[in-house]
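Please read the structure below before turning to the comments.
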Amino acid sequence: MAELSGSKTEKNLQEAFAGESQANRTYLAFAKKAEQEGYLPVAKLFRAAADAETVHAHAHLRAMGGIRSTAENLKEAISGETHEFSSMYPQMIKEAEADGHQAALRNFRFANAVEQVHAGLYQKALDMLGKNVEVDYYVCQVCGQTLEGEPTGPCPICNAAKGAFKKID
């Protein structure tokens, strides 16, 4: 395989991966809205396109060599989450405060808190790698808080009712 490091192809793969990933998330949000408005065939189309965008994104990530062993992937995830909660989101929070953008500020604060949780969960998974301990995860559909095990009360990040959590299969 040709060397990618610093090449135009590497840059293009990174850009394509980001674009396809963003399209996936956008189309899933569009599907949810179409569903709420009663446009079920349109919602299904958005979900189908979102799935296709995931196929593209994964192909680009594989071509970049971005998927390695599970241990390496966990270490990369820990690094990414740590960057988000220690550097990226704190700066975004400051800027949203300065701009007075309350919705962005709320979202950034929720995400910042949850990214710390994710880093810890990834570290725990890395520490337990190979033991194959079964764990159920639940995600708050308001703020993204991720829990091991069924919630016993309201979300500790956003205070949403425990019914706001969705079990992840």
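The values are calculated or read from the model by the stated rules, or taken from the named source; none is laboratory data. None of these values were measured; they are calculated from a predicted model. Backbone-built Cβ (ideal geometry, glycine too); neighbour counts: all protein chains shown.
Inside segment 36-89, can you point out the residues that are among the polar types (S, T, N, Q) and either under 28 Å from residue 108 (Cα atoms) or in contact with a Lys or Arg (Cβ under 7 Å, 6 or more places away or on another chain) (or both)? Step through it out loud before you land on a result.
Quick first cut of segment 36-89, residues among the polar types (S, T, N, Q) only: 36, 54, 69-70, 73, 79, 82, 86-87.
Passing the criteria: 36, 54, 73, 79, 82, 86, 87.
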> Would it be correct to say that residue 119 is buried (at least 17 other Cβ atoms within 10 Å of the Cβ) and part of a helix (DSSP H, G or I)?
Replying inline: yes
> Somewhere in segment 19-34, is a residue on the phi < 0 side of the Ramachandran plot, free of Cβ contacts under 8 Å to residues at least 40 places away in the same chain and among the acidic types (Asp, Glu)?
Replying inline: no
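Taking residue 93, is it touching a residue at least 12 places away in the same chain (Cβ under 8 Å), within 28 Å of residue 156 (Cβ to Cβ) and in contact with a His (Cβ under 9 Å, 6 or more places away or on another chain)? Spell out the reasoning first.
Details: touching a residue at least 12 places away in the same chain (Cβ under 8 Å): yes; within 28 Å of residue 156 (Cβ to Cβ): yes; in contact with a His (Cβ under 9 Å, 6 or more places away or on another chain): no.
No; evaluated as a whole, the condition is false for this residue.
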>> Kindly evaluate residue 77 against the criterion of being crowded, with 16+ Cβ neighbours inside 10 Å and in contact with a His (Cβ under 8 Å, 6 or more places away or on another chain).
In response: yes
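Could you say whether any residue in segment 91-100 is in the same structural domain as residue 125 (by TED's automatic domain parsing), out of contact with any strand residue (DSSP E or B) (no Cβ under 6 Å at 6 or more places or on another chain), outside any loop (DSSP other than H, G, I, E, B) and closer than 24 Å to residue 139 by Cα? Working first, answer last.
If we filter segment 91-100 for residues that are in the same structural domain as residue 125 (by TED's automatic domain parsing), which is where we start, we get 91-100.
Then keep just the ones that are out of contact with any strand residue (DSSP E or B) (no Cβ under 6 Å at 6 or more places or on another chain); that gives 91-100.
With the extra rule that they be outside any loop (DSSP other than H, G, I, E, B), the set shrinks to 91-99.
Subset that is closer than 24 Å to residue 139 by Cα: 92-93.
Yes, segment 91-100 contains a residue that is in the same structural domain as residue 125 (by TED's automatic domain parsing), out of contact with any strand residue (DSSP E or B) (no Cβ under 6 Å at 6 or more places or on another chain), outside any loop (DSSP other than H, G, I, E, B) and closer than 24 Å to residue 139 by Cα.
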>> Against the condition assigned to a helix (DSSP H, G or I) and over 18 Å from the mean Cα position of the chain (by Cα), how does residue 125 come out, does it pass?
In response: no
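Criterion first (under 26 Å from residue 125 (Cα atoms) and in contact (Cβ under 8 Å) with a residue 40 or more places away in the chain) does residue 4 satisfy it? Show your work before the answer.
Working: under 26 Å from residue 125 (Cα atoms): no; in contact (Cβ under 8 Å) with a residue 40 or more places away in the chain: yes.
No.
With part of a loop (DSSP other than H, G, I, E, B) and of a type in the set (A, V, I, L, M) as the only criterion, which of 114, 142 stands out? Show your work before the answer.
Values: 114 fails: part of a loop (DSSP other than H, G, I, E, B).
So the residue among 114, 142 that is part of a loop (DSSP other than H, G, I, E, B) and of a type in the set (A, V, I, L, M) is 142.
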